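Asker: Okay, here's the structure, questions in a sec.
FYI, it's all coordinate maths here, none of it is from the lab. Note that this is a predicted model, so its numbers are computed, not measured. Every residue, glycine among them, receives a Cβ derived from its backbone with ideal geometry; neighbour counts consider all protein chains shown.
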Amino acid sequence: MMNRISDTMISTVFGMFAVLVSTIFSTTTLQAQNVITFSMDMRGAISQRWLEPQKDFIGVRGSIPPLRWDSTLVATDPDGDSIYTLTVKLTLVGKYAKLFQARKLAYKFKVENSTKLNNGWETVQNSTVLLTGKPQTVKRIFNVQSLAPTPSTRSQNVRLHEYFQPKTLLQRTISVYLPPGYSKSTQRYPVLYLHDGQNIFDDSTSASGEWYADEIADTLIKSKKLPPYIIVGISTRGEDRMNEYTPVAMRRYDGLGRPEELGGKGSLHAQMIVEEIKPFIDSTYRTLKDRANTALGGSSLGGLMTMYTGIAYPQVFGRLMIMSPSVWWANNWILAAVKQNLTDSLATSLRAADTRIWLDIGDAEGKESVEGARALKNLLIEKGWKIGTNLSFMEAKNAAHNEAAWSERLEPALTFLLGNSLRK
């Protein structure tokens, strides 16, 4: 689920219009390929007053267009039986869509009424459906999760350390991609650490589809567009993610007006990477340990944590891949933190002179997200970074806030960030 969403009636109206277009299209020229009909059993939700049909809308948000996380495609109940339906044709776009046919759709039902508990979202984690290339009907009861049995897509050159136990945080899996030729060489390799490791290499462990980082890295390395690199995926659980990926806590109010504190364990997460995971990787694999050959990346809250970890440990990471960062968290706290860090003495701060940064945002992620990414870019430029030299900024056209969009930008991000690695 997207970390912050605008619930305006404008998005609802657009969603209803999109549904109308989709319905018309589906009855005339729609081809039998990845057509999903959602059948939403809302009888229990209505009896619990979660959905009030006379004034609320119910619909679907998800990870593959035309479904999005920042607006709702609205379902209808033409029979009046409290079973709402919506039919959509999913569109797989981009360079890698044809290469990797198996895709998993992550989705959630949502009541469009911001006064509802949980802002109208189902309280369970995302549900998933495996795309087959054929029409499917998904029958679901609101707030009852359904997960597709997805086969593993992890490459053979990705090794798993499934029971890594940090000192202060919960046990997790560490996934390690080894570049072609690793087993037959004696050389040492640069390392890229990525947040949300469960989404990086394997569709079966991902919440919203994978990045295909192993296949993409193989392609780039074999074509000499990228030097051989080790990529480390650091997993987290959905229920722990907000706590671990936010450097400060944020207060919000639920649908009943009750205050709650969210997040704030990001400093422990950054410490875990630097003091536990990196030493483990350096002692287990043939790595180049210096900051010029150590990169860190992530998306959404993972992008926020990448920026935070970069300023908290500038002596460790020389390259940062910041995708769709959640700059908005805690009233744009990260902007003040970056500004303060870059104003401190050069001995303790991130430095433009020897730190390369990839920063991006999708123009379909919402006004607040785009403005936050632009503000971060402008702050970096003000402090010495130069576009095209040690800073790349992309506003991806028609790109939403999901794994498919980040996967599509992974090739240019890797080639800019890692294509000229310093070796010692």
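Asker: Using a simple spin-label model with points 7 Å from Cα along the Cα→Cβ vector, what separation in nm is obtained for T284 and R252?
Answerer: Result: 3.3 nm between the two label points.
Asker: In addition: Given the C-alpha atoms of region 174-289, compute the convex hull and give its volume per residue in Å³.
Answerer: For region 174-289, the hull spanned by Cα atoms encloses 122 Å³ per residue.
Asker: Please report how far the C-alpha centroid of region 276-299 lies from that of region 144-166, rounded to the nearest whole angstrom.
Answerer: Result: 21 Å between the Cα centres.
Asker: What percent do you get for the relative contact order of the chain when only Cα pairs under 8 Å and 6+ apart count?
Answerer: 14
Asker: Related question: With N set to the residue count of the chain, report its C-alpha Rg divided by 2.2 N^0.38 Å to two decimal places.
Answerer: For the chain, the normalised Cα radius of gyration is 1.00.
Asker: Treat each spin label as a single point 7 Å out from the Cα along the C-beta direction, and report the E239 to D81 distance in nm.
Answerer: 3.5
Asker: Quick one: of K108/K134; K167/K289; K184/K289; K224/K278; K108/K224; K224/K383, which pairs are farther than 31 Å apart, Cα to Cα?
Answerer: Check vs 31 Å cut-off fails for K108/K224; K224/K383.
Asker: Related question: Residue by residue through region 349-354, which ³J(HN,Hα) values in whole Hz follow from phi under the Karplus form 6.51 cos²θ - 1.76 cosθ + 1.60 (θ = phi - 60°), with glycine and proline marked x?
Answerer: So the Karplus estimates, Gly and Pro as x, are 10, 4, 10, 5, 4, 9 Hz.
Asker: Can you give the helix-only mean residue ellipticity at 222 nm for the chain, where every DSSP H stretch with n ≥ 4 adds -39500 (n - 2.57) and the sum goes over all residues, rounded to the nearest 500 deg cm²/dmol?
Answerer: The helix-only estimate for the chain comes to -8000 deg cm²/dmol at 222 nm.
Asker: Next question, about the same structure. Over region 158-418, what is the percentage of antiparallel beta bridges among all DSSP beta bridges, to the nearest 5?
Answerer: Among the beta bridges of region 158-418, antiparallel pairing accounts for roughly 35 percent.
Asker: Moving to a separate point now. For T91 and Y163, calculate 0.36 nm times their separation in residues minus their Cα-Cα distance, and state this gained length in nm to one decimal.
Answerer: Taking T91 through Y163 to full extension adds about 22.2 nm, to one decimal.
Asker: Between L268 and V124, 0.36 nm times their residue separation minus their Cα-Cα distance comes to what?
Answerer: 49.2 nm
Asker: Read phi for every residue in region 198-213 and hand back ³J(HN,Hα) as whole Hz from Karplus 6.51 cos²θ - 1.76 cosθ + 1.60, θ = phi - 60°, with x for Gly and Pro.
Answerer: Values per residue, Gly and Pro as x: 5, 9, 7, 10, 9, 5, 6, 9, 7, 8, 9, x, 9, 8, 6, 5 Hz.
Asker: If N is the number of residues in region 354-424, what value comes out of its Cα radius of gyration divided by 2.2 N^0.38 Å?
Answerer: 1.16
Asker: Moving on. What are the aspartates and glutamates whose alpha-carbon lies under 17 Å from the alpha-carbon of K139, with same-chain residues fewer than 8 places away excluded?
Answerer: D41, D77, D79, D81, E122
Asker: In the chain, with Lys and Arg counted as +1 and Asp and Glu as -1 at Cβ, which of these residues, A396, T37, N331, has the Cα nearest the positive end of the dipole, that is, farthest along it?
Answerer: Of A396, T37, N331, it is A396.
Asker: Let me ask something else. Taking the Cα centre of the chain as origin and charging only Cβ (+1 Lys, Arg; -1 Asp, Glu), how large is the dipole, in debye to the nearest 20?
Answerer: 1180
Asker: Between T219 and D344, what is the label-point separation in nm under the 7 Å Cα-to-beta-carbon projection?
Answerer: Between D344 and T219, the label points sit 4.0 nm apart.
Asker: Counting DSSP beta bridges with both partners in region 123-231, what percentage is antiparallel, nearest 5?
Answerer: That works out to approximately 75 percent antiparallel.
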